[in-house]
Structure formats: C-alpha cells, structure tokens
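The values are calculated or read from the model by the stated rules, or taken from the named source; none is laboratory data. In this text, all values refer to a predicted model and were calculated from it rather than measured experimentally. Every residue, glycine as well, gets a Cβ built from its backbone with ideal geometry; the counts of neighbours run over all protein chains shown.
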C-alpha cells in the first residue's frame, strides 16, 4: 500500500502570492498570525506577504523570533504570541526553520497536550488536524511547505527532534519566484543541494513507489538543470522557478516515502554544532552515495542520466560512479565545502555524531542497512 499526503492547494509562479487574499476570504479568515525571521523582515521579503494582507483588510501580528535550526524555546515563544493574538490562521513566510516552527505551533495549538514539544518527536499520535496553516517558501530546498515533517532542536539534550505527522501539513503552499530572488548565493547553493539530497534519498529508499520515482527523477533533473544558474545569477527567473518546482516535487516524494542516512548524519551536525542543514547534507551526500552504491547501482545510473550524464556504453558500475561524480562536480561548482574539517568539525567529535545519527528516524529509510561503526567510517572519510 502507498499513501500520499499533500497540500489542499498549491500555487507557483511569479506574483502568485496575490492569490492569498482570495483564499483567506473564501474561508472567512480575517486575522493572521505571521511567522517569519528577522532577516526576512529586515530585507522586505515578509512585507511582500503582509502587503497582500493589508490590501485585503486582514489584521495580523508578526512573530519573527525564529533562528536557524529552531529550538523548543522558539516554538514555545511563538505559541505564547499566537495565543495572545488569537488569530484564525497562521501564515509562515520563510525557509525550513520558519515553516517548521510554524508547524509546531500549529500542531500544539490544536493538540495542547503536546505543549512540551519533546513529545512530538517521531510519529506522535496527535488527534487533531493542525491549526489552519499557510506556508510561503522563501528558499528552494527544504520543501517544508509540502511535507509532513518538521525538525526542532532540543538544546538541552543537544539533539534534533525529527517529527513526522500528517496533521502538520500546510493547508495552502505558495512558491512565488519573486520571493526567492533575494536569496544570497550561499543560501541558494545550500538549500538547492538540500533539495537534491531529498530527491536522491527518496529515489533510492526502500519505501519508494512508482509514483514517487517519477517525482524524484524529475526533481533531480530540475535541480541539475537550474541550480548552478540560480546560484550564479539570482535574477534568473526561469532558474529560480525551476528550482522551486524541483524542491517542491522532491518534497512531495520524500514526505511520503522517507529519506536516508545523509539526513541522519546531517541532523546531529546541526543540533550539536549549529551547522546549516543544507551545507551538512550537501557535504555528506557524495560520501553516503559511495557507501550506498552496492544497494542502489541501477538507480544511480538513472540519477546520472537525470543529471545530464551520457551513460551510453557505460557499465552499471561506471554509470553509478558517474552519478556520484556529477553530484561532486555540481557541489564544487556552487561553492559547497567539501570536507567536514572545513566547517570546523574535529575527529574527536565524530564518535558522538555517529551514535546520534544511528538512532535518527531517517536511518530506517536507508537502502543499505548500517551501524554506528559504519556511519563513523563515513564521517571519517568526509573529514
């Protein structure tokens, strides 16, 4: 049996945010709690949405106390502000950190017994659909606007809480290319490689289905065709839109079929050392692909084709190697660090990281069964 959980409605294309007014009016929503972050407010990105609210006469309160790798404290502060304002819809304007925070607030608002946040880890048995939630993506990578996943950092324990809950998916998702154009090169590169990691891991996971394979293969192609262009020229509207589609389609897939140990290994890097999630994924992806190659050779050849490699005349092994090399080549071309040592990780830290990664919920979706010792070896190769 296969299941797909998706948004009720999704919008794409430059200027599509204007449709928000009609969507809220149809639902009788007149009071919005807007979740964003300080940079998106400072640089006028959040204003692109609040301007629509102003034009529609929708009252709103803005909560921007969200950090990268959002914490339990961020969620609880957001929940307190939400309750004080008493809105009838939550609108998230941001990347994964903002949307994940908004998801946690929306879930707890409808299921107050989970107010400690920690109890949401894994597949929490929430009874109610989350409070009405609309998500505007400002990056092309996390796909948080279309997934049933969110990740919150437990600072006290030094680990990430990976939460998977069909009740958290946003009601409406917007991917407006005009809201992506202001992304700096580094963020475009990191989030784009995050999207590629989603697509590749969902393509090779044992839970993949014929439907998800169509999504992930095409997502890989969208990203391979557009990411370098989007990094080099942020004003390239076609590349930005291509990345928005690639990210969203990957999210449709991985949200429903799962991920693997690239994410398992990236999560503790973010939780313990505050390494940006996209950078951690991008750096680890080719090393994990090498590890997983024996379990996914044929699909690696498909990945190579999606990335524009001419595999005619290659053996299955050669095509698989070409896929890994194509990922490395793209990563280098857009300025992603290639070694953990480049981002400040030391060998003595790897043992704890491996233990954390092994118990991460994403580990079960890896195509090759693994162990703490084998994960540690991958970290060492990436050092």
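Any idea which of (1) closer than 21 Å to residue 278 by Cα; (2) under 18 Å from the mean Cα position of the chain (by Cα); (3) crowded, with 21+ Cβ neighbours inside 10 Å is the one residue 91 doesn't satisfy? Failed condition: (1).
Restricting attention to region 46-73, the residues that are in contact with a strand residue (DSSP E or B) (Cβ under 8 Å, 6 or more places away or on another chain), closer than 30 Å to residue 159 by Cα and touching a residue at least 40 places away in the same chain (Cβ under 8 Å) add up to 5.
Determine, yes or no, whether residue 105 is outside any strand (DSSP E or B), in contact with a strand residue (DSSP E or B) (Cβ under 8 Å, 6 or more places away or on another chain) and crowded, with 16+ Cβ neighbours inside 10 Å. In short, yes. The set of residues in region 149-176 that are part of a loop (DSSP other than H, G, I, E, B) and over 25 Å from residue 21 (Cα atoms) comprises 155, 156, 157, 158, 165.
Within region 270-278, is even one residue farther than 23 Å from residue 317 by Cα, free of Cβ contacts under 8 Å to residues at least 24 places away in the same chain and in a helix (DSSP H, G or I)? There is no residue in region 270-278 that is farther than 23 Å from residue 317 by Cα, free of Cβ contacts under 8 Å to residues at least 24 places away in the same chain and in a helix (DSSP H, G or I).
Listed here are the residues, each with its yes/no results for (1) closer than 30 Å to residue 9 by Cβ; (2) free of Cβ contacts under 8 Å to residues at least 40 places away in the same chain; (3) part of a helix (DSSP H, G or I).
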| site | (1), (2), (3) |
| --- | --- |
| 207 | yes, no, no |
| 243 | yes, no, yes |
| 256 | yes, no, yes |
| 268 | no, no, yes |
| 282 | no, no, yes |
| 287 | no, no, yes |
| 303 | no, no, yes |
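Against the test of being surrounded by 21 or more Cβ atoms within 10 Å (Cβ to Cβ) and out of contact with any helix residue (DSSP H, G or I) (no Cβ under 6 Å at 6 or more places or on another chain), the options 100, 176, 116 yield a single qualifying residue, 100.
Every residue, every condition in (1) under 27 Å from residue 253 (Cα atoms); (2) buried (at least 17 other Cβ atoms within 10 Å of the Cβ); (3) in the same structural domain as residue 264 (by TED's automatic domain parsing); (4) out of contact with any helix residue (DSSP H, G or I) (no Cβ under 7 Å at 6 or more places or on another chain), yes or no:
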| position | (1), (2), (3), (4) |
| --- | --- |
| 294 | yes, no, yes, yes |
| 300 | yes, yes, yes, no |
| 305 | yes, yes, yes, yes |
| 310 | yes, no, yes, yes |
| 316 | yes, no, yes, no |
| 350 | no, yes, yes, no |
| 356 | yes, yes, yes, no |
| 362 | yes, yes, yes, no |
| 375 | yes, yes, yes, no |
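Residues in region 123-143: is at least one closer than 26 Å to residue 250 by Cβ, buried (at least 22 other Cβ atoms within 10 Å of the Cβ), free of Cβ contacts under 8 Å to residues at least 40 places away in the same chain and touching a helix residue (DSSP H, G or I) at 6+ places or on another chain (Cβ under 8 Å)? Within region 123-143, one or more residues are closer than 26 Å to residue 250 by Cβ, buried (at least 22 other Cβ atoms within 10 Å of the Cβ), free of Cβ contacts under 8 Å to residues at least 40 places away in the same chain and touching a helix residue (DSSP H, G or I) at 6+ places or on another chain (Cβ under 8 Å). Mind checking which residues of region 10-30 are loosely packed, with under 15 Cβ neighbours inside 10 Å and within 27 Å of residue 83 (Cβ to Cβ)? Residues satisfying the conditions are 25, 26, 27, 28.
Criterion first (in a helix (DSSP H, G or I), modelled with pLDDT of 95 or more, buried (at least 24 other Cβ atoms within 10 Å of the Cβ) and in the same structural domain as residue 266 (by TED's automatic domain parsing)) does residue 214 satisfy it? In short, no. Does residue 66 meet the test of being under 17 Å from the mean Cα position of the chain (by Cα) and either at pLDDT 95 or above or more than 24 Å from residue 8 (Cα to Cα) (or both)? Here the answer is yes, as residue 66 does meet what is asked. Residues that are modelled with pLDDT of 95 or more and in a strand (DSSP E or B) were ranked within region 12-58; the one that is farthest from residue 210 (Cα to Cα) is 31.
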